[in-house]
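Participant: I have a structure I would like to understand better, so I am pasting it below and will then ask my questions one at a time.
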Amino acid sequence: MKISKQLRTDITGYLFIGPNIIVFLLFTIIPIIFSFVISFSNWDYTQGFSNINFNNGMNYINMWKDEWFTKSLINTVVYSITLVPITVFLALVISVLVDKYVIGKTPVKLALFMPYISNIVAISIVWVVMYSPYGPITQFLKSIGIKNPPQWVGDYHWALPGIIIMSIWAGIGYAVLIYTSSIQSLPEELYEAAQLDGASGLQQFTKITIPLLSPTTFFLITTTLIGSFQVFGQIYIMTKGGPGTSTHVLVYYIYTSAFTFFKMGYAASMSWILFIILFVVTIVQWKFQDKWVNY
């Protein structure tokens, strides 16, 4: 009776998790395995499965000779190493200011968080208008004496910085929310002791707040970096990778290779390179976190 009762319990449990496992296998595990298989092939998916031609992994070799791939990878790296530190730093400063000097904290945090949960298509369209020659950003720059302000998304040199500025604005609310939650859990007695010792506000910030928030900072750096390498929506809506190759990032090139030029095998191989890059970066961060993260 004990065995049969345990067996019934196990079967009930498996029946409950069965649908989720099936969906996970069909839409996650199997597509991942399939993408790895076709990454070693030339495949125009419009011709059906019979058109899969394996090329002995030449996709992984040829992509490094592809100027579009290398330029997309460079743009992605520039985007990430610019966006991540600025976002994390500004979020930390804003969080401290909100916690110490703002009376209505909840409405302010909600206002900062709204862009993060808003539709990226809508946000991108709004920022295209703001960057236009008659938009508020351009008109403001003219009002303070800048006669020839940047054309932003229409300028080869300013398009990527424009995307970065928009992305920081859209994503900083999440980081602020995480930081403010962590700040509220910091022990007040440390700040009281520092004040008794004559520590200034800046010294308290650098010697107490920053070290105690290092686990939160590590979490935000890791998640923001992973997200920045996967930037796509604002690129697709605002610039289509242009002008030229100025905003052509890796995920956008993967998308166009697969669904514009129908090179699904080549797109899959680039996707796996992106996965390897993110995996290595994350492992390196985990390895060196002991040197600056204080738990």
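Participant: Only one of 208, 183, 125 is assigned by TED's automatic domain parsing to the domain that holds residue 242, under 30 Å from residue 252 (Cβ atoms) and in contact with a helix residue (DSSP H, G or I) (Cβ under 7 Å, 6 or more places away or on another chain). Can you tell me which?
Facilitator: Exactly one of 208, 183, 125 is assigned by TED's automatic domain parsing to the domain that holds residue 242, under 30 Å from residue 252 (Cβ atoms) and in contact with a helix residue (DSSP H, G or I) (Cβ under 7 Å, 6 or more places away or on another chain), namely 125.
Participant: OK, next. Out of curiosity, is residue 291 basic (Lys, Arg) and surrounded by fewer than 16 Cβ atoms within 10 Å (Cβ to Cβ)?
Facilitator: The answer is yes for residue 291.
Participant: Okay, moving on. Yes or no: residue 245 surrounded by 16 or more Cβ atoms within 10 Å (Cβ to Cβ), at pLDDT below 95, among the polar types (S, T, N, Q) and assigned by TED's automatic domain parsing to the domain that holds residue 124?
Facilitator: When the stated conditions are applied, residue 245 passes them.
Participant: Which residue is surrounded by the most Cβ atoms within 10 Å (Cβ to Cβ), if the candidates are limited to segment 141-181 and must be closer than 21 Å to residue 114 by Cβ and among the hydroxyl-bearing types (Ser, Thr, Tyr)?
Facilitator: The selected residue is 167.
Participant: So, one more: Between a first residue in segment 145-156 that is part of a loop (DSSP other than H, G, I, E, B) and a second residue that is at pLDDT 90 or above and among the hydroxyl-bearing types (Ser, Thr, Tyr), which pairs have beta carbons less than 7 Å apart while being 6 or more apart in sequence or on different chains?
Facilitator: 149/138; 156/246
Participant: Would you check which residues across segment 34-52 are loosely packed, with under 10 Cβ neighbours inside 10 Å and either assigned to a helix (DSSP H, G or I) or assigned by TED's automatic domain parsing to the domain that holds residue 264 (or both) and list them?
Facilitator: Listed by number, the residues that qualify are 46, 49, 50.
Participant: Look through 118, 132 and report the one residue that is more than 25 Å from residue 270 (Cβ to Cβ), surrounded by 14 or more Cβ atoms within 10 Å (Cβ to Cβ) and assigned by TED's automatic domain parsing to the domain that holds residue 274.
Facilitator: Result of the check over 118, 132: 132.
Participant: Check 113, 140, 89 and return the single one that is out of contact with any helix residue (DSSP H, G or I) (no Cβ under 9 Å at 6 or more places or on another chain), closer than 25 Å to residue 225 by Cα and in the same structural domain as residue 225 (by TED's automatic domain parsing).
Facilitator: 89
Per-residue answers, yes or no, for (1) in contact with a Phe, Trp or Tyr (Cβ under 6 Å, 6 or more places away or on another chain); (2) assigned to a helix (DSSP H, G or I):
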site	(1), (2)
189	no, yes
195	no, yes
199	no, no
207	no, yes
219	no, yes
225	no, yes
235	yes, yes
244	yes, no
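The values are calculated or read from the model by the stated rules, or taken from the named source; none is laboratory data. Because the structure is predicted, anything quoted here is derived from the model rather than measured. Cβ coordinates were reconstructed from backbone atoms using ideal geometry, including for glycine residues, and neighbour counts include every protein chain displayed.
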